[in-house]
1. Which ranges mark the strands (runs of 3 or more DSSP E) fully within the stretch 11-107 that have 3 or more residues being away from the ligand (no atom under 16 Å from the Cβ)?
2. Considering only residues that are away from the ligand (no atom under 12 Å from the Cβ) and either under 15 Å from the mean Cα position of the chain (by Cα) or not in a helix (DSSP H, G or I) (or both), which ones fall in the stretch 196-230?
3. Residue 26 passes all but one of (1) exposed (fewer than 15 other Cβ atoms within 10 Å of the Cβ); (2) over 20 Å from the mean Cα position of the chain (by Cα); (3) free of Cβ contacts under 8 Å to residues at least 60 places away in the same chain; which number fails?
4. Between 193, 176, 235, which is within 29 Å of residue 112 (Cβ to Cβ) and within 15 Å of the ligand (Cβ to nearest atom)?
5. Go through the stretch 143-195 and count every residue that is assigned to a loop (DSSP other than H, G, I, E, B), under 24 Å from residue 11 (Cα atoms) and touching a strand residue (DSSP E or B) at 6+ places or on another chain (Cβ under 9 Å).
6. Select from the stretch 130-170 the residues that are out of contact with any helix residue (DSSP H, G or I) (no Cβ under 9 Å at 6 or more places or on another chain) and in contact (Cβ under 8 Å) with a residue 12 or more places away in the chain and write down the one among them that is surrounded by the most Cβ atoms within 10 Å (Cβ to Cβ).
7. When you scan the stretch 221-238, how many residues do you find that are touching a helix residue (DSSP H, G or I) at 6+ places or on another chain (Cβ under 8 Å), surrounded by fewer than 22 Cβ atoms within 10 Å (Cβ to Cβ) and closer than 19 Å to residue 11 by Cα?
8. For the stretch 116-127, give me the residue count where each residue is surrounded by 20 or more Cβ atoms within 10 Å (Cβ to Cβ) and out of contact with any strand residue (DSSP E or B) (no Cβ under 6 Å at 6 or more places or on another chain).
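Throughout, read-outs are computed from the coordinates displayed, never taken from laboratory work. On a predicted model such as this, the values are computed, not experimentally measured, just so you know. Virtual Cβ from ideal backbone geometry, glycine too; neighbours counted across all protein chains shown.
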Ligand code: PEP
């Protein structure tokens, strides 16, 4: 089963609109014509507005880093699916570990956000992953199974067709520590197994599961050569156009 890889950038809370414009000026030239993989860049909310016209007509799609599950309402500081769609956003990261860790995101809110994104026609990138204590306690399988099961709760295979999952071991995010391809493959197999239980084997065989956690130009080739790894979600190394282009071209 061959799955087209997705190389996605998570810029987190970095880059002003001007810096985003400069990034695209350089990055689009570097990846021009690259159609082996799908490329997605997820800027902060304020940089979306310059990133979308900058990437228009190119091989780079633009995603948001979060979304609220309600259509509209008294939710100060939040952004809805229709607001993202209105400006041309196509993808959205849901349940990133930093949101779980610092902003109270739970398996239940991940599920609500996933359902809202799919309903609206946004392509969700749902993040799951264990913290170091859970890995050391031998709980990685349980955590991944629970996070996936609860994210997929009451979502139909038909609705979930565009779903992308990112396995991001929390101990590898921004730390310079990377899971070995075998560790990632084992984790991806657990997530794929849960997807098979929730959505059926055919769906699971086609599901793209990205690896995230200190992916860099130097380790991208090795990681991307593992057949269970269907791409990468890249934080720090995606901020520099040359570095992210090198990852895209692994
Ligand atoms: C991320 O933010 O999703 C991530 C994987 O960060 P980094 O690549 O910096 O570890």
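1. Of the strands (runs of 3 or more DSSP E) lying wholly inside the stretch 11-107, those with at least 3 residues that are away from the ligand (no atom under 16 Å from the Cβ) span 60-64.
2. 200, 207, 208, 209, 225, 226, 227, 228, 229, 230
3. So the condition that residue 26 fails would be (3).
4. Residue meeting the stated conditions: 235.
5. 6
6. 166
7. 1
8. Number satisfying all stated conditions: 2.
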